[in-house]
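As structure tokens, the structure follows; a few thoughts come after it.
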Amino acid sequence: MPITLKASYFSANSPNYSSFHEYSLIEISDNGQITNIIHQTASEYSERLSAARQHDHLITLAPGHFLLPGFIDLHNHAPQWPQAGIALDRPLADWLNHYTFPLEAR
């Protein structure tokens, strides 16, 4: 089911430039791809917002919350496989010292 996020977000169009957009509509397809971004100033904003509400496809981020593009680290070192998914709430240095380094030392 496609969804529409009503959210404020940051965007980085280059390494030296970023922009902030408040309460834009971000339309996302069934396969998770962003299909459209509609800013508040766009003529179709109200119509698309109403349609998303009517079809119960709208998710609204709370005031003060925003989306931020990020980098995803998808690699895993083979010796770390046994600890995959554990202690994810710990700071990186603690995680390395308590889980990774002892495991790799074995």
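Quick note: the coordinates plus some simple rules give every number you see, no bench work behind them. Source: prediction; values computed, not measured. Note that each Cβ is placed from the backbone with ideal geometry, even for glycine, and that neighbours are counted across all protein chains shown.
Here are a few things to note about the model shown:
- Selection of region 14-31 for residues being polar (S, T, N, Q) and touching a strand residue (DSSP E or B) at 6+ places or on another chain (Cβ under 7 Å) yields Ser18, Ser19, Ser24, Ser29.
- Residue in region 83-105 that is in contact with a helix residue (DSSP H, G or I) (Cβ under 8 Å, 6 or more places away or on another chain) and of a type in the set (Phe, Trp, Tyr) present: yes
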